[in-house]
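Down below is the structure, laid out as structure tokens.
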Amino acid sequence: MQHHRLITSGLVGLAAAVLTAGLAGCGSGSGPGGNSSSGAQGSAISAGRCAENKAAGRITYLSGYQYQSSVSILEYVAAAKLGYFKDLCLDVSLKPGTGDTALNTKLLASGQATVSAIAEQDIIQAQANGIDIEGISSYSDAGLDILMTNKDVTELTQLDGKVVGHKGYVPAAVEAMLVKAGVRWDSLKLVKEGYDPSVLPRRQGGLAALTGFVSNEPNQLKAAGKEVTVWKPVDYGIPSSIGAMAVNPAFARAHPHAVEDILRAALHAYAYCSSSAQHTDECVGYAARLSGPTYDKKLNASIWTTETQVVKDNPTPGQPLGGIDLGNVAKLVDMLHRFKIVPEGVTADKAKGWFDTSFVSAVYAGDRLVWPAP
């Protein structure tokens, strides 16, 4: 999964009201934070570029899971609220996903969504199943999926023969980590658990370990005064991704500059929202207003700061923020083959063709994000 399922009431599904960034005007950095950029401020967007982006029409962004303050969600919310899409003459509507990755890929392929947060491994799986979507960016080769144990577990091999809880399935990256660590996979007793991580410290049903997401359950347990050990696949060299985005291929072919500028605005907002605790709180506040009164702003701020720290600690090698590491795509294919998730006909070279690195490359001058567009 690209985003973890933080359960909050007051959040609605795809029929939720749409937040639309209007088309009026094309400037450079209007709205709060308009002059805050990861790169130097450029000239105002040209009339030709503005007309081209307007011609792309309504662009529907579909989140991975509701308006949770995860990377690849919060910066898109912020880009709309801060006026960054408007600055680039883009008409972007935001819709909250339900956490169902398979549904998101189908909506994207059908054109009901234009861009969506889809993990690199899920893009590969979608294409293997005949669902035509295209990867356009990713923040890191690390992932969100983790395994939690109580503090008495100091080696993963201590889990042999023990009960391991999951949310419907054990993520491939977690399984690969356990196998690489020498755990006897067939000895584990796998059980489906709900979304209450307190079952682990309570050792409910003899639970010895629980899958989760690095920015969610550990933060919830810490807030409740419960400490657990977090085991990260990235520490074992297991491939994954954070903040990966996909696009409808037909839209990308017809409107390549609009795709570039969607990413440009999101990266500009990412820099703004992560530049200070005050800006993080501001951006989380935008997501909270879209979500309803039960939105946990403190927990969501911790989700954002945790995930952006993972990205900072695990930069995509040789790429600016958002750049796709095609070597990681090849490693993901190998992992998916190992667990028989995709057929042998899905080769690394074939999978690399399902990702386009040109969109992110076009928005940078060296390692500096160009803002606004030419």
- Item | Ser358 versus Ala47: modelled label distance in nm, points set 7 Å from Cα along the beta carbon direction | 2.8 nm
- Spin-label zone in segment 78-92 - amide nitrogen under 19 Å from a point set 7 Å from the Cα of Arg58 along the C-beta vector: 80-81, 85-86, 89-92
- Message: I need the peptides 361-368, 110-117, 256-263, 177-184 ranked by packing, meaning the mean over residues of other C-beta atoms within 10 angstrom, with the highest value on top.
- Response: 256-263, 110-117, 177-184, 361-368
- Message: Can you tell me which of Gly322, Gly225, Gly64 moves the most in a GNM of the chain? Springs connect C-alpha atoms under 10 Å apart.
- Response: Gly225
- Pairwise FRET efficiency - Ala224 versus Asp160, Cβ, R0 = 30 Å, nearest 0.05: 0.55
- Which of Asn129, Asn300, Asn216 fluctuates most in a GNM of the chain (C-alpha springs under 10 Å)? That residue is Asn129
- Filtered hits (lysines, Cα-Cα < 16 Å from Lys95, offset >= 8 within chain) -> Lys81, Lys106
- Query: For the residue pair Tyr195 and Lys297, what label-to-label distance in nm results when each label sits 7 Å from Cα along the Cα-to-beta-carbon direction?
  - Reply: 2.1 nm
- Gained length - Gln112 relative to Lys340, 0.36 nm times residue gap less alpha-carbon distance: 79.1 nm
- Task: Would you mind pulling out the separation of the Cα centroids of segment 103-120 and segment 240-280, in Å?
- Result: 15 Å
- Note on the structure: Plugging the Cβ-Cβ distance of Gln278 and Lys180 into 1/(1 + (r/R0)^6) at R0 = 41 Å yields, to the nearest 0.05, a FRET efficiency of 0.50
- Item | Antiparallel content of DSSP bridges confined to segment 145-236, in %, to 5 | 55 percent
- Note on the structure: Helix-only [θ] at 222 nm, the chain, -39500 (n - 2.57) per DSSP H run of 4+, per residue, nearest 500, equals -10500 deg cm²/dmol
- Given Cα pairs under 8 Å that are at least 6 residues apart, what percent is the relative contact order of segment 269-348? 16 percent
- Quick one: of the DSSP bridges fully inside the chain, what percent are antiparallel, nearest 5? 60 percent
- For Lys151, Lys352, what's the fewest-to-most ordering of other Cβ within 10 Å of each Cβ? Lys151, Lys352
- Query: Which lysines, on any chain, are close to Lys162 with Cα under 26 Å apart, when same-chain ones fewer than 8 places away are left out?
  - Reply: Lys151, Lys180, Lys189, Lys192, Lys222, Lys226, Lys232, Lys340
- Task: Provide the gained length on full extension for the span Arg253 to Tyr169, in nm with one decimal, where the gain is 0.36 nm per separating residue minus the Cα-Cα distance.
- Result: 26.7 nm
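Quick note: the coordinates plus some simple rules give every number you see, no bench work behind them. Keep in mind it's a predicted model, so treat the numbers as computed, not measured. Don't worry about glycine lacking a Cβ; one is built from the backbone with ideal geometry, like all the others, and counts go over all protein chains shown.
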